[in-house]
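Okay, structure first, notes after.
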Protein chains: 2
Amino acid sequence: MTSRSVKNVLFIMADQLRWDYLACYGHPSIKTPNIDRLAKRGVRFSNAFVQGPVCGASRMSTYTGRYVTSHGSAWNFIPLSVSLKTLGAHLTPHNVRCAVVGKTHVEPDINGAARLGIDTHTDHGRLLMEGGFEPYERDDGLWPPGFKVENNKYCDYLRSHGYQSDNPWHDFANSSLSEEGAIQSGWKLRWADQPAQVKEEHSETPYMTRRAMQFIEEQGERPWVLHLSFIKPHWPYVAPAPYHDMYTANDILPVKRSSGEKDDPHPVFRGFMDYTPSKTFSENGVREKVIPTYMGLITQIDDQIGRLMQFLEETGRDKDTLIVFTSDHGDYLGDHWLGDKELFHDTVVKVPLIVVDPSAEADQTRGTSSNEIVEAVDLLPTFLNALDLPIPMEWLEGQSLLPLLRGEGQSWSKDMAVSENTFAFRDCVRLPIGAPVDRCNMTMVRTHEWKYVHVDGLPPMLFDLVNDPDELCDLGKSPSHASVREQMQRRLLDWLFCRRRMTGIAPDAIASWNQKELKAGIEIGVW
Amino acid sequence: MTSRSVKNVLFIMADQLRWDYLACYGHPSIKTPNIDRLAKRGVRFSNAFVQGPVCGASRMSTYTGRYVTSHGSAWNFIPLSVSLKTLGAHLTPHNVRCAVVGKTHVEPDINGAARLGIDTHTDHGRLLMEGGFEPYERDDGLWPPGFKVENNKYCDYLRSHGYQSDNPWHDFANSSLSEEGAIQSGWKLRWADQPAQVKEEHSETPYMTRRAMQFIEEQGERPWVLHLSFIKPHWPYVAPAPYHDMYTANDILPVKRSSGEKDDPHPVFRGFMDYTPSKTFSENGVREKVIPTYMGLITQIDDQIGRLMQFLEETGRDKDTLIVFTSDHGDYLGDHWLGDKELFHDTVVKVPLIVVDPSAEADQTRGTSSNEIVEAVDLLPTFLNALDLPIPMEWLEGQSLLPLLRGEGQSWSKDMAVSENTFAFRDCVRLPIGAPVDRCNMTMVRTHEWKYVHVDGLPPMLFDLVNDPDELCDLGKSPSHASVREQMQRRLLDWLFCRRRMTGIAPDAIASWNQKELKAGIEIGVW
């Protein structure tokens, strides 16, 4: 009889994958049979939210188990404080190896390390600079055209297969070739329907999947947590054959937008409508050209997940591995007159989340879906819980999903999700508003019924999710919704005040503090 | 001609010193001629507020230049994250020595250091554990009776002068002797009018002052910042002769309290009324017994400041040293039916603050007072500014007071102060309310007109400072003040959202980010 208790965690993340572009989430024509099969083996969450609508902030919340306000890495490229405990820091003391294949977007806190006298060239120091993930194959992708890429395993791999270039990632894996033999850069959307200039097996998704299988194979019976972090379907929107023309314009979802949204929009919304991808995706024909390729990239990921699942079954690892599949945020793709991401519509902050728990206790929930509001910060405590490790609540701000997987969902108390961003880095938003860079914060609070977005120094946004599920009508200034706004503001305030500190005393140590003080003879103010 | 630009900072802090127990702040009979003279030489701030109403939280804000929410050391004994930049970390790279004589209350982040692999036995590691202050004579005082004190310079000093005991701090410096020769512990208030069993010159305040003068002398012409941090007039309320009977019950300020305060008080206020020192100070005769000694301890500090100022003049250091005199918080002493501290009445969160700037630019403000709202977090940027060092605004949350000292006060924009605390550690408050330890946060926002206290999960408190300057009537539930509460809540929310992160990108680097990205060839979503 094979063991069915969880020994490993396979944590799969796609990048910029919308929740509604998967068959098991209701897409009418996309082919994702392997991800659908995961959903049949586990629980599919239909209200899962990320804590930031950009890669960096969202991922740092997932990796630290803390909201953006509490980890401070509020946008891409803001260093992750070396002092923050990450997933890896919670695992390695218990001899669970924690590694990444693919993207993390962790920006090293070089200044912090220098100030603290930490040598970043030791194994320990390097790990701190990697946010606690052993960089088995760390690769964040995304190189500008013309950039000479060095010390990158994937680019070296491409070169070893004949793709000779300073930047084979760009010139081959993420570009197509014109009839005249010129490179058609994937950074430009106009060529999205052309095939990438690499064989499918040489493209990023299958390469990273093979590396993940190598890692798992090497571990043998030692426990591990592997973050397999696909860079796709994030732009550049270029797919290798046959994925580049697997879908047509008939397969894309109808656009979610209304002319009313352009009528006196919130200044931040207006600013993001002026962001280049928003303008491009609002042009006729762009969605029809780009989204079929986006879908092809998703099906390619699905095919690779099929291979990976087959590998796990062949090695028996399906019996002792918790499998999580999710995304770091969505992609507007023209919805709401927007492109890329950065605001808080469900298109972007709601993500697919499927969790397969091999243990017998989870049999009762297999193939079901859960409507509970859950968040990316809940994943880290879930992993620790599944591995039967301590969950230090003085550090973590989420809660384990295990009760929902094991039929104890009645104990689930979370009824709101929070997501945060700053528009400080986007000139098209900040400059017209005239906000200083430290007054550009935005925070979303979302319940089942309402979505409220606090915007520093500006009116809030408010959406009635029951009567306006597509979020087309901003009630942020509606006089008849003042009490709703007040109630949501109160929730936000309460939430803000119970963020975790950078150093903690365990809750039970606090609760017993007063008695200990008295016992030690510290008697204040006695007569 | 002697230089008059600032080269050093003498940062003097008293502990638990109320703003209104100094002659220059209006006390009718206390003798503080030397502190009054400082006020004549500099600017006296009549609206200076600390960021926490307990020692630890307040001091960590002063030493880091960040609000409590941003440094996380929310109460006494919560470690100060090793990753936080403190005053010392801002100074030492510029070869300015930063040392302490007396109390800091910094709790070392031992776990953080261990996780980061920092050796706390090196000079560098030790400094991180001391919150960046070189422990020239670190001494937080406060030893329980019967505790065997080892490796403490002041206790060794007492022993070398014949005060033989396991705990000479308690048995001699902070206790009196009964007629029968028994130790009358200073922890008990009943013996507050008896003289301490040490000669005045052997008591804490003159000892620390001498150590400060030694430090300054040793530096010669090298620049320094010295934190002279007196432990008094903090309890135990015991003074050596002649300070123990210098004042009588006729000298104490009338008590600020009303019977209305006991009528259906806010649950947190009620809980603190049940705190032992509150009950003791509400008894008849206790204030009359204790406060004269409290006043004696203040006059002793004043006498020592007189000696210190004479020393600075004799050594010429008065010409190049910025002098700051303040306190970490006040003491209820029976006001509002409370003892000790921990709530947000002006009695506790408003502190004396006097700044003497030797430079010629400050001549125009000498002897004046400023009504502007200023905060303890403003001190660190003031020090850096006075020393002509960079002020890294991605780390600091206060603003330099120099404009107010140098006649450019019109640029002062701060119009509110914030102070934070938790009642998690006080059973008499938390248990009747039944709050879990992570839902005990309280935050005060104070303008010139209003004081609003947000209490997690409970109604707020609100005081009308114009019509009720003694804060006797809580308008937290007053129906006619709903719009004031809403406005104060909005201020609180805006404030919360611009707290600094643990890692920073300088504001101008953020402002230019978008353009740099485009120049690097990162063109998102172009057609």
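Tabulated values for the structure
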quantity	calculated
Relative contact order, percent, segment B:1-92 [alpha-carbon distance under 8 Å, six or more residues apart]	15 percent
Label-point separation, B:SER165 to B:GLN364 (7 Å along Cα→Cβ), nm	5.5 nm
Peptide-level mean, for A:67-73, of C-beta atoms on other protein chains within 10 Å	3
Filter on B:LYS188/B:LYS256; B:LYS40/B:LYS103; A:LYS85/A:LYS279; B:LYS103/B:LYS477 - keep pairs with C-alpha separation over 32 Å	A:LYS85/A:LYS279; B:LYS103/B:LYS477
Whole-number percent relative contact order across segment A:77-153, with pairs defined as alpha carbons under 8 Å at least 6 apart	37 percent
Segments B:25-31, A:448-454 sorted - mean Cβ within 10 Å per residue, highest first	A:448-454, B:25-31
Sites A:ASP156 and A:ALA241, calculated FRET efficiency, Cβ-Cβ separation with R0 25 Å, nearest 0.05	0.60
Debye equation applied to the C-alpha atoms of segment B:237-393, log10 I(q)/I(0) at 0.11, 0.21 Å⁻¹	-0.63, -1.33
Chain A: relative contact order in percent, alpha carbon pairs under 8 Å with at least 6 residues between	23 percent
Computed lengthening from B:ASN95 to B:SER5, 0.36 nm per intervening residue step minus Cα-Cα distance	30.7 nm
Hits among aspartates and glutamates - C-alpha to C-alpha of B:LYS289 under 18 Å, sequence gap 8 or more where chains match	B:ASP193, B:ASP245, B:ASP251, B:ASP331, B:ASP335, B:ASP340
Solvent-accessible area buried by pairing B with A, both sides, nearest 100 square angstrom, 1.4 angstrom probe	7500 Å²
Heavy atoms of B:LEU308: accessible area, 1.4 Å probe, square angstrom to 10	0 Å²
Cβ neighbours within 10 Å from other chains - mean over A:491-499	6
Listing of segment B:80-113 residues, each with accessible area lower by at least 40 Å² in the full protein assembly than in the chain alone (probe 1.4 Å)	B:SER83
Protein-only accessible surface order, largest first, of B:ASP109, A:ASP470 at 1.4 Å	A:ASP470, B:ASP109
Test item: B:510-523 mean partner chain Cβ contacts at 10 Å	5
B:GLU204 accessible area, 1.4 Å probe, all protein chains in place, Å² to nearest 10	10 Å²
Solvent-accessible area, 1.4 Å probe, carbon plus sulfur percent, for chain A	50 percent
Rounded FRET efficiency, nearest 0.05, which uses the C-beta distance separating B:SER478 from A:ASN467 and R0 of 30 Å	0.30
B:ILE110 versus A:SER46: modelled label distance in nm, points set 7 Å from Cα along the beta carbon direction	5.2 nm
Spin-label proximity, B:GLU394 to segment A:57-75 - amide N less than 14 Å from point 7 Å beyond Cα toward beta carbon	A:72-75
For segment A:1-111, the Rg and Dmax computed from alpha carbons only, in angstrom	16.6, 52
Mean accessible surface per residue for segment B:18-118, computed with a 1.4 Å probe while every protein chain stays in place, in Å²	24 Å²
In segment B:230-288, GluC sites (Glu not before Pro) in a DSSP loop with at most 15 other beta-carbon atoms within 10 Å	B:GLU283
Estimated FRET transfer efficiency (B:GLU201, A:ASP415; beta-carbon r; R0 60 Å; 0.05)	0.40
Minimum 30 Å² accessible area buried by the other protein chains, segment B:418-435 residues, probe 1.4 Å, relative to alone	B:PHE425, B:ARG426, B:ASP427
Mean shadow area of chain B, taken as a quarter of the surface of its Cα convex hull (nm²)	29.1 nm²
Axis-proximal residue, chain B, for the rotation superposing B on A (Cβ, Å)	B:SER83, 2
Kirkwood hydrodynamic radius of the protein assembly as shown, Cα pairs, Å	31.1 Å
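The values are calculated or read from the model by the stated rules, or taken from the named source; none is laboratory data. These figures come from a predicted structure and were not determined experimentally. Don't worry about glycine lacking a Cβ; one is built from the backbone with ideal geometry, like all the others, and counts go over all protein chains shown. To get the accessible areas, we keep the full protein, side chains included, count just its heavy atoms, and leave off ligands, DNA and RNA. Shrake-Rupley method; radii C 1.70, N 1.55, O 1.52, S 1.80 Å.
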